[in-house]
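Student: What follows is a single structure, and I will ask about it in a moment.
The values are calculated or read from the model by the stated rules, or taken from the named source; none is laboratory data. All figures in this text were calculated on a predicted structure; none of them were measured in a lab. Note that we place each Cβ from the backbone using ideal geometry, even for glycine, and neighbour counts take in every protein chain shown.
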Amino acid sequence: MAFPLGVYPIETAEARQGYSVEFEAADAGSGGEWEEWPDRYVFEAIITAERLKPLCRALFNHLPLRVYPIVDVIGHDAFREIDPYIAYDLVGLDRFLESVARYRDFLYEDGLCGFGAMCDEPFAYFFLDEHKVITVRVQPDQREAIEKIFQAFDLPQIAEPAGADAAAHEHRGVLFAPEDRPELLIAEEIIERLCEEWQLTLNIDMDANVDEEGTDLGVSRWRCLVRAFSESDLAKYVELLCHASSFRRAEDLAIGTSSDVLVRLETAFDDLTLVSADRLTEAQEQELLERLREQGESPGKPPETPVDGHVIVARVLGSG
């Protein structure tokens, strides 16, 4: 079995290609933003990386013509492992498939990213996670059609399919853009483009500041990246270190401060977009500040205890 480039076992792994199927009764498992999911069958499938793309293409044919795209990214936030993105407006299946084809090598091989799509009427769900395990959920009348696809790829029905995640394994990014090849996209740029093409929104509580266990973190340290777009020039990016009590507060600080910085530098821009906002530990903040000093920057000294609304440094990174 061939494993994806970005998720690879680091000990002997007994891979088992195949699919499993279970019945799930109707419940509200999709969360408060969505209607209750109906009775459905859930499939999990493992296939060698060399045949993953054609299998996914066959499964895509059973998605409705308009879907809600989904992207999960193992991100850089110190208090959240996964950055979950989802579209709250339906996107044409053709647009979804065009983007999948455009970024196929990244989406199918990168070990830090999973993607998929769902629809609630008719209900359908497809997701390829960061381990490159396929999960499909369909209403009972579609079970036979999905099983026929797996059987066409000679995948047997087994109790426990096993891929790289069945053993100790590593997650790795697969993209690298050397400095002399600025036209090559890195992972963050692809995620940014997918957010635009699929109308994705980071699916977190924007007005709270909690970790994965729901613990309130109060005021946190943040690193934000803002894109300044101008029709007459290449995009520029503003990097910002600040303290904020929520994602929305950090976003407001980042956009407002970036605007002030660009105006002061007499840099033209038509639009500002928050690309990322990641919380830092105190050690990460100090490490980043030290790196800035080594690069000749003169960031201010942050208070020992984070203060909501405090901006430590904001700098223009240049063209992208």
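Student: Conditions first: (1) of a type in the set (D, E); (2) within 27 Å of L185 (Cβ to Cβ); (3) in a loop (DSSP other than H, G, I, E, B). E11 passes all but one, so which condition is the exception?
Tutor: Of everything listed in (1) of a type in the set (D, E); (2) within 27 Å of L185 (Cβ to Cβ); (3) in a loop (DSSP other than H, G, I, E, B), E11 misses just condition (2).
Student: How about the stretch 279-320: which of its residues are basic (K, R) and modelled with pLDDT of 90 or more?
Tutor: R279, R291, R293, R315
Student: Another question, if that's okay. What residue, among those in the stretch 65-118 that are more than 19 Å from L202 (Cβ to Cβ) and touching a Lys or Arg at 6+ places or on another chain (Cβ under 7 Å), is surrounded by the most Cβ atoms within 10 Å (Cβ to Cβ)?
Tutor: By that ranking, first place goes to G111.
Student: State whether one or more residues within the stretch 266-277 are of a type in the set (A, V, I, L, M), at pLDDT 95 or above and either assigned by TED's automatic domain parsing to the domain that holds R223 or closer than 19 Å to D205 by Cα (or both).
Tutor: yes
Student: Looking at the structure I just gave you, is A159 exposed (fewer than 15 other Cβ atoms within 10 Å of the Cβ), closer than 18 Å to E22 by Cα and among the aliphatic types (A, V, I, L, M)? Break it down stepwise before answering.
Tutor: Numbers: exposed (fewer than 15 other Cβ atoms within 10 Å of the Cβ): yes; closer than 18 Å to E22 by Cα: yes; among the aliphatic types (A, V, I, L, M): yes.
For A159, the condition - exposed (fewer than 15 other Cβ atoms within 10 Å of the Cβ), closer than 18 Å to E22 by Cα and among the aliphatic types (A, V, I, L, M) - is met.
Student: Could I ask something else about it? Show the residue pairs that are 6+ apart or on different chains and have beta-carbon atoms under 6 Å apart, the first residue being within the stretch 1-25 and in contact (Cβ under 8 Å) with a residue 12 or more places away in the chain and assigned by TED's automatic domain parsing to the domain that holds R51, the second being among the aliphatic types (A, V, I, L, M) and assigned to a strand (DSSP E or B).
Tutor: A15/A162; R16/A162; Q17/I46; Y19/A45; E22/V42; E24/V42
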